[in-house]
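Computed from the coordinates by the stated procedures, all read-outs in this text should not be read as laboratory data. Because the structure is predicted, anything quoted here is derived from the model rather than measured. Positions of Cβ are generated from backbone atoms using ideal geometry, with glycine treated the same way; all protein chains shown enter the neighbour counts.
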Amino acid sequence: MILGRLGKDLEPTVPLILHGGRAQRIAAVLDTGFSDYVCLSRANQRSMSLRPVGRMPYELADGSLVDEDVFLGEVTFDGRRQRVLVTLTNSADSLVGTALLRDCQLRIDFVRGRVEVHREKRRRA
């Protein structure tokens, strides 16, 4: 289970560890409107060893389309170190998208300012 909290603007944040040089722990915003893995603030880019893999189109909240560089990097999320696709943003916020949350349950308690992410155990066929 991951424990997070609500930020000053009530955005749900959870810890995310970036790997590359020395591991760095950041608070990343859970963004259910972002369907990829991680969107990293350029301010944190140096904390990761990013390998370019190409460009992908993304639809922004206003409906406009942009092509963004995509990189391969490593993060630890819920105790699991894993390779993920990373895009970069000029925003101060880094985001965790739904691709990283795919097998998780999310609970946000706005009254207590608490965020919980539970990973579902995969059923064997």
HN-Hα couplings for the range 41-54 via Karplus (6.51, -1.76, 1.60; θ = phi - 60°), in whole Hz with x for Gly/Pro, come out as 4, 4, 4, 9, 4, 5, 6, 10, 8, 9, 10, x, 10, x
Residue 18 neighbourhood, Cβ < 12 Å, K/R = +1, D/E = -1, net charge +3
Taking the alpha-carbon centre of each part, the distance from the range 1-30 to the range 60-125 in Å is 10 Å
PRE zone check, label point 7 Å out along Cα-to-Cβ of residue 89, amide N under 17 Å, scope the range 59-74, hits 59-71
Charge tally for neighbours of residue 70 with beta carbon under 9 Å away, counting Lys, Arg as +1 and Asp, Glu as -1, is -2
Nearest-0.05 FRET efficiency for residue 114 and residue 41 at R0 = 35 Å, using Cβ-Cβ distance, is 0.90
For the range 28-117, listing chymotrypsin sites (Phe, Trp or Tyr not before Pro) in a DSSP loop whose Cβ sees at most 13 other Cβ atoms within 10 Å gives 110
Using alpha carbon positions and the Kirkwood radius, the Rg to Rh ratio of the chain is 0.96
